[in-house]
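The values are calculated or read from the model by the stated rules, or taken from the named source; none is laboratory data. Quick caveat, the model's predicted, so the values are computed rather than measured. Positions of Cβ are generated from backbone atoms using ideal geometry, with glycine treated the same way; all protein chains shown enter the neighbour counts.
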Amino acid sequence: MFSAVSIMLLAAGAVAVLILIVFVWKVVVHYKQKIANMESIYQLVERSQDIIYHFEIKPDFEYKYLSPSIEKVLGDNLIEESKKNPLTAFDRIHPDDYSILLRKISGKLDYTKPVRQRWKNDEGAYICFEEFVTPIYENGELTAIQGIIRNVDDKVALQNELEYKATHDSLTQLFNREYFETQMQKFNHCEDIPAGLVICDLDNLKMINDRWGHKKGDWLLVETAGILQLISTENISVSRIGGDEFAILIEYSTPEFLDELVHRIQSNIYTYNQNNANFNISMSIGYGHEDSSCGMMEELFKKADQQMYRQKHHHNKARSSVH
């Protein structure tokens, strides 16, 4: 027969074992849930359209993780290639964005702001990405970076399209009046440069609109824009600033260069007319130059505009005498 004490000890032991079993079961359930959650997060990362990475900088360059989405955007086998050669990113970065990559791994980047970079895919085309970078420090030293990289190529293309439409004339594809006035204000108030300005006005647009209709007039404007666009460069912008009026702004101009440029415009018009005997373009041109643009752009415009109108008056007079 068991004594009362023995029974109590057995009961206490059973309770202790039961408590231990319950505790172990709860721990197992907790860690199973934790593993399941981690697996869920891992699957989420793996299936993400964004590129997610962890890149060790010290002691050696090494990708600890690179998500599969990079191969969908930039090319097959890129994960294996990048793990074998951690400098692959430097081979694929756009030359103009190379310095961003250097700053990113040297700790000289402002990590609080997203950065845009262009990377080359297997076809050789550059795709624009926006990246959020998180630096990892040990004892005050940058040892790794983590990042999320998103393809924003379509977004950038749309932004560029909107910017283009905001600054260009829809008919001729030249710069529009808003762009021209912005440039005039910039050189009048902010940047002091030697500047030249050419004002051109079609002589016969109204007559063509009245006689053949506005479609023919639009065609003439497009043809004229094509002639003027021939002299466009990085420092020479051509704008349509009115119905039949065009402005050519020349940065870092000289009087000699301006004379030569006007001669080229006249020569291009002559060549066009020689090749299009059924329809001639006639244009009145005025121009001017200032060694210092600050505070002088309005005066420069006035000078070129008045000279253009004097030539237009001369052209009208010459046509009247012919008739």
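Taking first residues from the stretch 78-105 that are acidic (Asp, Glu) and partners that are surrounded by 17 or more Cβ atoms within 10 Å (Cβ to Cβ), the Cβ contacts under 8 Å between residues at least 6 apart in sequence or on separate chains come to 96/118; 97/117; 97/118.
Looking across 192, 153, 169, one residue alone is in contact with a Cys (Cβ under 7 Å, 6 or more places away or on another chain) and farther than 26 Å from residue 50 by Cβ. It is 192. Here residue 77 clears all of (1) farther than 22 Å from residue 155 by Cα; (2) at pLDDT 95 or above except the condition numbered (2). Given the structure, is residue 152 of a type in the set (Val, Ile, Thr), at pLDDT below 90 and in contact with a strand residue (DSSP E or B) (Cβ under 9 Å, 6 or more places away or on another chain)? The answer is no for residue 152.
May I ask you to say which residue of 240, 264 is surrounded by fewer than 17 Cβ atoms within 10 Å (Cβ to Cβ), at pLDDT 95 or above and under 25 Å from residue 310 (Cβ atoms)?
Working: 240 fails: surrounded by fewer than 17 Cβ atoms within 10 Å (Cβ to Cβ).
So the residue among 240, 264 that is surrounded by fewer than 17 Cβ atoms within 10 Å (Cβ to Cβ), at pLDDT 95 or above and under 25 Å from residue 310 (Cβ atoms) is 264.
Just one of (1) touching a Pro at 6+ places or on another chain (Cβ under 9 Å); (2) crowded, with 17+ Cβ neighbours inside 10 Å fails for residue 132. It is (2). When only residues in the stretch 51-73 that are in a loop (DSSP other than H, G, I, E, B) and in contact (Cβ under 8 Å) with a residue 60 or more places away in the chain count, which is farthest from the chain's Cα centre (by Cα)? Among them, the one singled out is 58. Hey, does the stretch 268-286 have a residue that's surrounded by 15 or more Cβ atoms within 10 Å (Cβ to Cβ), without any contact (Cβ under 8 Å) to a residue 24 or more places away in the chain and small (Gly, Ala, Ser)? No; the residues of the stretch 268-286 include none that is surrounded by 15 or more Cβ atoms within 10 Å (Cβ to Cβ), without any contact (Cβ under 8 Å) to a residue 24 or more places away in the chain and small (Gly, Ala, Ser).
Among the residues of the stretch 287-311, those that are closer than 16 Å to residue 266 by Cβ and within 35 Å of the chain's Cα centre (by Cα) comprise 287, 304.
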